[in-house]
Amino acid sequence: MQKTIRTLLASLLLSTVSLPPLMAQMQEAVRWSYSINDKAEIVFRTSIDRGWHLYDMNQPEGGPNPTVFHIEKIAGAERLGKVTTATGITTKWDESFDMNVSWYSSNPTFVQRLKITDPEKFAITGYVEYMTCNDESCLPGQLEFSLTKKDLPAAVIASVPRTSLKKDTHSEGDSVIAGTTRNPLTESANEEGIAGQARNNKAGGGNDKAASDDKAADNSTVDLWRPVIKELQALGESQTGGNNSLWSVFWLCFVGGLLALLTPCVWPIIPMTVSFFLKRSKSNRAQAVRDALIYGLSIIVIYLALGLVVTSIFGASALNDLSTNAVFNLIFFALLVLFAVSFLGAFELTLPASWSSKMDSKAEATTGILSIFFMAFTLVLVSFSCTGPIIGGLLVEAASMGSLAGPAVGMFGFGLALAIPFALFAIFPSMLQKMPKSGGWLNTVKVVLGFLELALALKFLSVADLAYGWHILDRETFLALWIVIFALLGVYLLGKIRFAHDDEVQHVSVPHFFMAVISFAFAIYMVPGLWGAPLKAISAFSPPLYTQDFNLYDGEVLPKFHDYDEGMAYARKHNKPAMLDFTGYGCVNCRKMEAAVWSNPRVKNILNNDYVLISLYVDDKTKLPEPILIKEDGKETKLRTIGDKWSYLQRHKFGANAQPYYVLVDNDGLPLAPWYAFDEDVDKYVQFLRGGLKKFGK
């Protein structure tokens, strides 16, 4: 935060000092000219006043404005790569910006290569954003440019074969990809502009100058977006099975169900359950067992149906989209904070008593299996005010698999965890006598859950912060809050903090002591993370390491590119295979793989040296300059964000929509090995990577 404030102040001072307002408006330190040469290249020439310099096209985040070329409209031509320059740069430490900054050491010339497809329709418009500075002040500037057929040299027009002239899709707004030999998505592309560059720079995608210079490699002869689903299938089964992911979802939701058993909304249902089955069991033991099993099965069926209904209405992919939607995450963050405040004793949250009373009376009035089902529904309804936040978070996580299987397996695990103890209470009503009575211990459980809900609420805020690039909850801020929360939890368990409904603590019980030790140990464990320690145990919850300003850790694997076409162009020029990492800011399993597998020295060495790693965030909410129209499943739809673009690439080219999803491709975009999903087995991952290298070598 301090660095950002310093940068803003420096920019403000540099733009005003030593220049009266009128002079600052009138002064122009750089003059531009542009034209198209005989090679179908747009050449931008500059003439910079003595003592001034123009900042280069790649600057660190928080630095001066880079020189950025925006293409707003193009017709009758295709762009080949991005704008390049052969002009040398100077890099020096700048005290004002508190970082190394780069600028051109002489009058630079910039080149944008084109492929002319229809000279008659040729038109291109856009603008250049730039900043020039001297030792005293800085001048931001903008150059608008426009070229038409009359600007084309005769040699360029003559070089275009008549047979290649075709309908220009951009001029008529039809950007359908399937069946073409080019990629209209890349034609939009200027695509991310400064916002996208800033994200890439911070994530490591803009730190390799050599990589930046190679982005213009010509990939125009290859349709990198062509579907390769059949080729993937021909390579055999995935290197990792989906069962691992399903099992992880099951156990995650099962543990969530066990935690729900400790909530104050569930505990009062136990006497109601025992009373209900005492009236039914009488002396028929077999009948009691049968009824109890039906009761447990009814609980599972209700939760399973809930998961399937919610997912069917919104769709698994829609829930996955919701998981990184800012409004959804902020609402969920607010709800969890509300529940946390309630659990800490500020107020009570309960459903209307009439709802549960009606369901309870319905259960009493009916007989047979129907009455047991109503009793199970009463349990679900009454406990929902406490289990709701848990169910919602688990459903979103389960839906990230991109199919109904995740929510179905997840809600089965959640329902099973709740059903087992209640079925046992129904079989053995006498167990109630051995259960501890509600009292001070139950309030302690509520308060502990309040602390945990407060910590988990930050996860939802973090997801929205990452997806939209707000940078209000970077990793060090997140860790600082968690350290404070779990340290205070330890203090509470030792009886040094009391809330509204807590009894006075005369002595610390042994369970409280051990729980306090665990809480303090966890808080201390996170402290090194403030200096960049990877903290693998919580990597699935905390923001990525690249969001941290002060980082002493150098073991993180950073992608070289966050743009598919640029990364593939670099891979082709350097004759390397590429690994496409379809990931998401809200993808918990993606963070687990990066922390547990990518950080392994064997994996890190292969990824850094033998592959071009391209990470594509399917939930990146950065807006495209203009929506891109595509056809999918016979319907026209628009891609509005960078995340939409990469999600479409994953669906269209590889026939998948779940993350994490890793696929190895050659320079033509063809797969080298079966895809790989979530599996933390390092040996399998190394085998996966080496298998791709072996095939690429052939």
Isotropic mean projected area of the C-alpha convex hull, the stretch 62-151 (nm²)
6.9 nm²
For the stretch 594-698, the percent of all C-alpha pairs falling in each 5 Å bin, from 0 up to the bin holding the max distance, is 2, 11, 19, 21, 17, 14, 7, 7, 2, 0
Relative contact order (percent, whole number), the stretch 545-658, Cα cutoff 8 Å, 6+ residue spacing
26 percent
Sort largest first and round to whole Å: the equivalent ellipsoid semi-axes of the stretch 31-100, each the square root of five times a Cα gyration tensor eigenvalue.
28, 15, 10
Once both labels are modelled 7 Å past Cα along the beta-carbon direction, what's the A154-L338 spacing in nm?
7.5 nm
Taking the beta-carbon count within 10 Å as an exposure proxy, list I157, I614 from fewest neighbours to most.
I157, I614
Going by C-beta contacts inside 10 Å, put H70, H562 in order with the fewest on the left.
H70, H562
Let's test the formula: R0 of 51 Å, r as the Cβ-Cβ distance of V505 and N605. What FRET efficiency results, to the nearest 0.05?
0.40
Extension gain (nm, one decimal) between E626 and N107, 0.36 nm per residue minus Cα-Cα
183.6 nm
Give me the one-decimal Kirkwood hydrodynamic radius in Å for the stretch 479-603, with the sum taken over alpha-carbon pairs.
17.7 Å
Extension length gain for I524 and A480 (0.36 nm per residue less Cα distance), in nm, is 14.8 nm
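Bear in mind these aren't lab numbers, they're just calculated from the coordinates by the rules spelled out. For clarity, every value in this text was computed on a predicted model and none was experimentally measured. Glycine also receives a Cβ, built like all others from the backbone with ideal geometry; neighbour counts cover every protein chain displayed.
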